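Peer 1: This is the structure I have questions about; it appears just below.
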Amino acid sequence: MYITQQYNYTQLEPVIREVDSIDSTGYRNQRIPLVDSVDHLDSLIRPLIWAYDQQYGYPGSVKLFKDPRGLRLEDCWVNFVGPGEATPIHNHGGVMSWCLWLRVPYTRQEEIAARPWVPAANNINGEFAFHTVGDQGRIQTIPLGVDRSWERTLAIWPAHTYHSVFPFHSTDQLRVSVAGNYWFDV
């Protein structure tokens, strides 16, 4: 369904530099386009698209055009998300989507402790989750376990896959992620 890759600070330096140059004031939970680090991100992500295709046969199995088409990174943005903010269930246009978590200011344990009345097994505070339809027709939520341990980790998945981000409550710091989409080159 998805694959991940963790990077070190040196590998992400151009991305971190551009994100740090953006004043997040007033941009909470909005897409802010990236410009300067797009080519660098593309160089990091393309090998993951190839790996995804090798493992799952996608996007190579998609035959929309008579002749083979490459992919291009079209949409690329940063999100600054504060406590209590969520991103509802949605999917993206294009072929492949991805998210790179730069700052996740909480652990799963801190989020569970922030809402002690929610049973730990059901507590999905702060989670990034995929949503699929199970074999009995019920919607399944598949949380990834995104917390501080996911910082500098990139996940990639087919753009048509539904996903969401649940609000976090244990800190006032911002969660910072970079995301984007690949489209067929036309």
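The values are calculated or read from the model by the stated rules, or taken from the named source; none is laboratory data. Here the structure is a predicted model, which means the values were calculated and not measured. Quick reminder, even Gly has a Cβ in these numbers, built from the backbone with ideal geometry, and neighbours come from all protein chains shown. Surface areas here come from the heavy atoms of the whole protein model, side chains and all, with no ligands, DNA or RNA. Shrake-Rupley method; radii C 1.70, N 1.55, O 1.52, S 1.80 Å.
Peer 1: What is the calculated FRET efficiency for T141 to R31, with r their C-beta to C-beta distance and R₀ = 25 Å, to the nearest 0.05? Walk me through the numbers before you get to the answer.
Peer 2: Values: r = 23 Å, r/R0 = 0.93.
Given R0 = 25 Å and the Cβ-Cβ separation, E is 0.60.
Peer 1: Give the share of C-alpha pairs in each 5 angstrom bin for segment 77-186, from 0 to the last occupied bin, in whole percents, shortest bins first.
Peer 2: 2, 12, 20, 24, 19, 12, 7, 2, 1, 0, 0
Peer 1: Would you mind checking the radius of gyration and Dmax of segment 1-85 based on alpha-carbon positions, in Å?
Peer 2: Cα only, segment 1-85: 15.9, 47 Å (Rg, Dmax).
Peer 1: With a 1.4 Å probe and all protein chains left in place, how much of the accessible area of the chain comes from carbon and sulfur atoms, in whole percent?
Peer 2: Numbers: 4990 of 9740 Å².
Looking at the chain in its full context, I get 51 percent from C and S.
Peer 1: Further, regarding this structure: Once phi is turned into θ = phi - 60°, what whole-Hz ³J(HN,Hα) does the Karplus curve with 6.51, -1.76 and 1.60 give for every residue of segment 7-13, x standing for Gly and Pro?
Peer 2: Working through the residues one at a time gives 10, 9, 4, 4, 4, 9, 3 Hz.
Peer 1: Using +1 on the beta carbon of Lys and Arg, -1 on that of Asp and Glu, and nothing else charged, what's the dipole of the chain about the Cα centre, debye to 20?
Peer 2: Working: 15 positive and 20 negative charges, 85 e Å.
With only Lys, Arg, Asp and Glu charged at Cβ, the dipole is about 400 debye.
Peer 1: For every helix of n ≥ 4 consecutive DSSP H residues, a contribution of -39,500 (n - 2.57) applies; sum these over the chain, divide by its total residues, and give [θ] at 222 nm rounded to the nearest 500 deg cm²/dmol. Show your work: numbers first, answer last.
Peer 2: Numbers: 3 runs with 38 residues, N = 186.
The per-residue figure over the chain is -6500 deg cm²/dmol.
Peer 1: Specify the longest stretch of the chain that does not include any exposed loop site, a site being one of the chymotrypsin sites (Phe, Trp or Tyr not before Pro) with a non-H, G, I, E, B DSSP assignment and at most 16 other Cβ atoms within 10 Å. Provide the component values of the computation, followed by the final result.
Peer 2: On the way: sites that count: Y7, Y27, F65, W117.
The segment 118-186 is the longest one with no such site.
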